[in-house]
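Participant: One structure, pasted below without further comment.
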């Protein structure tokens, strides 16, 4: 086991209430509602679908990262969170992404009623590989050994209340465990009918190729945004070469690119994990706030928000590399989910893309307090 004590990660509250969710609002009714997106008052439109990797499922071109719905960003308004989940399907957002380490399993449990109500309408993704401890809320360890893979999937199946997981990711790679052994154990889950498709997170291009040779990989999930472009060193090219879909997490820079963090005066609650993130602290936060100006300028020209502009950049950047991309922004608010979905209707000009090009190189601070928790540094 590769142990990585992320001393800079805050304790997460546990949300385990599992009361039934209501049924999805009829699309005919929802079409009469108006999006709250700045400058975009069209009725709710469902986003188009794409094929997730070679032979993968059809999913909305934008997914939903569920971590923040019950974890990491302070206390949860359960009713609002449930309403947000229902709105995913109104907007055509069908890829729902969680992980067993979010809230030490509580996030999977929180999603279970929604999953049960809409099992045939969604593509359910979860992850294994990051271990937490009840006696040390800041502890993070990486576990990839085959026995752990098998025990982890059983626990996720139980918490989610399903018989099969549509997309199962290795959340982080432990270099001490041969990749072929870990992926081989994941492939066995496919043969057993417990998992349909395999994914990896935060791996290099070389690691993706190695894993794909053991069993086809459907999706690669790593951080990718206007603020974070490490993946363009090797992972993006390998994914395009292999026909692996790319699923960017934190496409809004953990909320920084929405402008809300800056507008709030850089104050974070004690239960918000971003208080320990280098990009959100001290002089780094002040310096990074100035990088939002090009986004604000471009957004104003489109009658859009900075969040929509940042998401539009991800979609168009993927086209440059010939990739199928399905970003998974997260939110606890229905209005923000619909706003994010509307980003798929924005097309940035070449001049606007050029204006955003230098931003990533100017960002102050690392993505994580401990960058060994990412693929950075393992590139060939």
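The values are calculated or read from the model by the stated rules, or taken from the named source; none is laboratory data. In this text the structure is predicted, and so the values were computed from the model without any measurement. Heads up, the Cβs are rebuilt from the backbone with ideal geometry, glycines too, and the neighbour counts pull from every protein chain shown.
Participant: Pick out, from the range 121-172, the strands (runs of 3 or more DSSP E) lying fully within it that include 1 or more residues that are modelled with pLDDT under 95.
Facilitator: Passing ranges, in order: 130-133, 136-142.
Participant: Within the range 100-114, count every residue that is in contact with a helix residue (DSSP H, G or I) (Cβ under 6 Å, 6 or more places away or on another chain) and within 19 Å of residue 57 (Cβ to Cβ).
Facilitator: So the answer is 1.
Participant: Given the conditions (1) in contact (Cβ under 8 Å) with a residue 40 or more places away in the chain; (2) farther than 26 Å from residue 186 by Cα; (3) surrounded by fewer than 24 Cβ atoms within 10 Å (Cβ to Cβ), which single one is not true for residue 104?
Facilitator: It is condition (2) that residue 104 fails.
Participant: Mind listing just one residue for me: the one in the range 61-75 that is assigned to a loop (DSSP other than H, G, I, E, B) and modelled with pLDDT of 85 or more and, of those, farthest from residue 329 (Cα to Cα)?
Facilitator: In this case the residue turns out to be 61.
Participant: Right, here's the next one. Considering each of 198, 208 in turn, give the residue that is over 15 Å from the mean Cα position of the chain (by Cα), part of a strand (DSSP E or B), surrounded by 23 or more Cβ atoms within 10 Å (Cβ to Cβ) and in contact (Cβ under 8 Å) with a residue 24 or more places away in the chain.
Facilitator: The match here is 198.
Yes or no, residue by residue, for (1) touching a residue at least 60 places away in the same chain (Cβ under 8 Å); (2) surrounded by fewer than 23 Cβ atoms within 10 Å (Cβ to Cβ):
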| residue | (1), (2) |
| --- | --- |
| 155 | no, yes |
| 158 | no, yes |
| 164 | no, yes |
| 175 | yes, yes |
| 184 | no, yes |
| 218 | yes, no |
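Participant: Mind counting the residues in the range 257-267 that are modelled with pLDDT under 80, within 23 Å of the chain's Cα centre (by Cα) and assigned to a helix (DSSP H, G or I)?
Facilitator: Number of matching residues: 3.
Participant: Here is a further query. Can you report the number of residues in the range 177-214 which are more than 19 Å from residue 167 (Cβ to Cβ) and touching a helix residue (DSSP H, G or I) at 6+ places or on another chain (Cβ under 7 Å)?
Facilitator: Selection size over the range 177-214: 6.
Participant: Just checking: which of the helices (runs of 4 or more DSSP H) contained wholly in the range 327-380 hold 2 or more residues that are at pLDDT 95 or above?
Facilitator: 334-342, 350-356
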